[in-house]
Amino acid sequence: MIVRFSRRYTFSASHRLHVEALTVEQNREAFGKCNNPHGHGHNYVLQVTVSGPVDSATGMVLNMATLDAVVRAVVLDRFDHQNLNHDSLFAAQTSTTENLCLEIYSLLATALAPVSLRSVRIEETENNFFEYSGTSLASASHAA
Ligand code: NI
């Protein structure tokens, strides 16, 4: 019996959406005010979901303190109060929340293994949410 456990974290960071290869007009067209040269900030809400069997001794899927320590070390200490564009992860790709979601998923999946990371969801604003659940089981088995 597999149970999912989700926990919410918050961090604040700034960024600017800009692609060097595009012209000033193309960048403005693609990113609007998010292309502002001075950047802007977000109070991101990160939701991490892991899953697994309930440990018979503890009654838990994963110790909350363990999850907190991993998220702090891998995500919060790295991105909180930082400019995302200065991080090496965004040297060659835009710091959109889509890309941030993919990168955080990858960082956490590695750090949490062998615990199963089910999804990473990031709220960028009250109205914008992004979620990544990794490669689907269907396409993974198809590839294999
Ligand atoms: Ni933004």
- Query: Would you pick out the residues in the range 125-144 that are at pLDDT below 50 and surrounded by fewer than 10 Cβ atoms within 10 Å (Cβ to Cβ)?
  - Reply: Ser139, Ser141, His142, Ala143, Ala144
- Could you please let me know if Thr94 is more than 16 Å from the ligand (Cβ to nearest atom), β-branched (Val, Ile, Thr) and at pLDDT 95 or above? no
- Query: Is it true that Asn99 is closer than 18 Å to Ser133 by Cβ, at pLDDT 95 or above and within 16 Å of the ligand (Cβ to nearest atom)?
  - Reply: yes
- Note on the structure: Those residues of the range 44-59 that are more than 10 Å from the ligand (Cβ to nearest atom), surrounded by 12 or more Cβ atoms within 10 Å (Cβ to Cβ) and either hydroxyl-bearing (Ser, Thr, Tyr) or closer than 27 Å to Glu126 by Cα (or both) come to a total of 7
- Note on the structure: Filtering the range 15-36 down to residues that are away from the ligand (no atom under 14 Å from the Cβ) and touching a residue at least 60 places away in the same chain (Cβ under 8 Å) yields Val19
- Run Thr66 past the list (1) at pLDDT 95 or above; (2) within 15 Å of the ligand (Cβ to nearest atom) and report the number of the one that doesn't hold. (2)
- When you look at Arg72, is it surrounded by 15 or more Cβ atoms within 10 Å (Cβ to Cβ), more than 16 Å from the ligand (Cβ to nearest atom) and basic (Lys, Arg), yes or no? no
- Message: List pairs: first residue in the range 105-125 and more than 16 Å from Asp77 (Cα to Cα), second residue in a loop (DSSP other than H, G, I, E, B) and modelled with pLDDT of 95 or more anywhere in the structure, Cβ distance under 6 angstrom, at least six positions apart or on different chains.
- Response: Val115/Leu62; Ser119/Ser133
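The values are calculated or read from the model by the stated rules, or taken from the named source; none is laboratory data. Note that this is a predicted model, so its numbers are computed, not measured. Cβ coordinates were reconstructed from backbone atoms using ideal geometry, including for glycine residues, and neighbour counts include every protein chain displayed.
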